[in-house]
Amino acid sequence: MKIRKLKASLVEHNYKYCEVAKALGISESNVAAKMNGKREFKPSEISKLRKLLKLTDQEVIEIFID
């Protein structure tokens, strides 16, 4: 996973972890763990992030698939 690219997209859209947590239906600490590479995003969470950040198919591949 390319965490820097995902973090850049969050900054670009002015989203904070608390807002992402609410959109994903998980805790803010869970988002932080996933953003720090300690846990992986579930496919359903990736789908929600894709919609939230308006990611293209290519961006999803670049960010979440090594």
task: With the condition kept exactly as written, say whether any residue in segment 16-30 is open to solvent by 40 Å² or more (accessible area, probe 1.4 Å), assigned to a helix (DSSP H, G or I), of a type outside the set (Gly, Ala, Ser) and touching a Phe, Trp or Tyr at 6+ places or on another chain (Cβ under 7 Å).
output: yes
field: Within segment 4-15, tally of residues that are open to solvent by less than 40 Å² (accessible area, probe 1.4 Å) and of a type outside the set (Ser, Thr, Tyr)
entry: 2
message: Pairs needed: first member in segment 27-40, at positive phi and small (Gly, Ala, Ser); second member anywhere, outside any helix (DSSP H, G or I) and surrounded by 12 or more Cβ atoms within 10 Å (Cβ to Cβ); C-beta distance under 9 Å; at least 6 residues apart or different chains.
response: GLY37/MET1
Candidate set from segment 33-45 (those that are part of a helix (DSSP H, G or I) and under 10 Å from the mean Cα position of the chain (by Cα)); member that is surrounded by the most Cβ atoms within 10 Å (Cβ to Cβ): LYS34
query: Pick from segment 46-61 the residues that are in a helix (DSSP H, G or I) and surrounded by 15 or more Cβ atoms within 10 Å (Cβ to Cβ): which of them is farthest from the chain's Cα centre (by Cα)?
result: GLU59
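The values are calculated or read from the model by the stated rules, or taken from the named source; none is laboratory data. None of these values were measured; they are calculated from a predicted model. So basically every Cβ, Gly included, is an ideal-geometry build from the backbone, and we count neighbours across all protein chains shown. When the accessible area is computed, the model is the full protein with side chains, heavy atoms only, and any ligands, DNA or RNA have been set aside. Shrake-Rupley method; radii C 1.70, N 1.55, O 1.52, S 1.80 Å.
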